[in-house]
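Student: Quick one: the structure is below, questions incoming.
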Amino acid sequence: MRAKLLRRRSKAMPFADAMAGMMQLRPSMLANLSKDTIVCRCEDVALGEIESAVASGAIEVNQLKHFTRCGMGPCQGRMCGDVVAELLAIHVGSREAAGQWTQRPPLRPVPLAAVLGNFRYEDIPIPEAAPL
């Protein structure tokens, strides 16, 4: 079964490689962006805001994320992550220096009452003391 799956995968790889090459971000794509170009659609972050954050001291993508909220929307940076990292790499020298975003699961706020429940002190079991 494993061999069959590997053969099917190897047949699909030329197509996958071609698609990845076509979708690859090229430096010329970033060269002509204006300051009001939206880079992160989920959080409505424009290129000008990213450049301001870099000027304010953001030297790594997680700092940029904190300064601008880019990558914190519903897509969690899946749409803007490469562009943001490339834009920062222009200023810090390399993509490796720009780093990678720390991934966190998208969570929903929960009211504290739902977590606490309705407990009384009498409901808390007290274990017996350990023998000496």
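The values are calculated or read from the model by the stated rules, or taken from the named source; none is laboratory data. Predicted, not measured: the structure shown is a model, and the values here were computed from it. Neighbour counts are summed over all protein chains in view; Cβ atoms, including those assigned to glycine, are modelled from backbone coordinates with ideal geometry.
Student: Out of the range 3-27, which residues are part of a helix (DSSP H, G or I) and under 24 Å from the mean Cα position of the chain (by Cα)? Reasoning before the result, please.
Tutor: Restricting attention to the range 3-27, the residues satisfying the condition of being part of a helix (DSSP H, G or I) are 3-23, 27.
Those that are part of a helix (DSSP H, G or I) and under 24 Å from the mean Cα position of the chain (by Cα): A16, D17, M19, A20, G21, M22, M23, P27.
Student: Just checking, does the range 104-111 include any residue being under 19 Å from L25 (Cβ atoms) and either among the aliphatic types (A, V, I, L, M) or out of contact with any Cys (no Cβ under 8 Å at 6 or more places or on another chain) (or both)? Talk me through it step by step, then tell me what you get.
Tutor: Taking the range 104-111 as the starting set, the residues that turn out to be under 19 Å from L25 (Cβ atoms) are none.
Within the range 104-111, not a single residue is under 19 Å from L25 (Cβ atoms) and either among the aliphatic types (A, V, I, L, M) or out of contact with any Cys (no Cβ under 8 Å at 6 or more places or on another chain) (or both).
Student: Still on this structure, please answer the following. Take the residues in the range 65-102 that are over 21 Å from R26 (Cβ atoms), out of contact with any Gly (no Cβ under 6 Å at 6 or more places or on another chain) and among the hydrophobic types (A, V, I, L, M, F, W, C), then tell me which one is modelled with the highest pLDDT.
Tutor: It comes out as F67.
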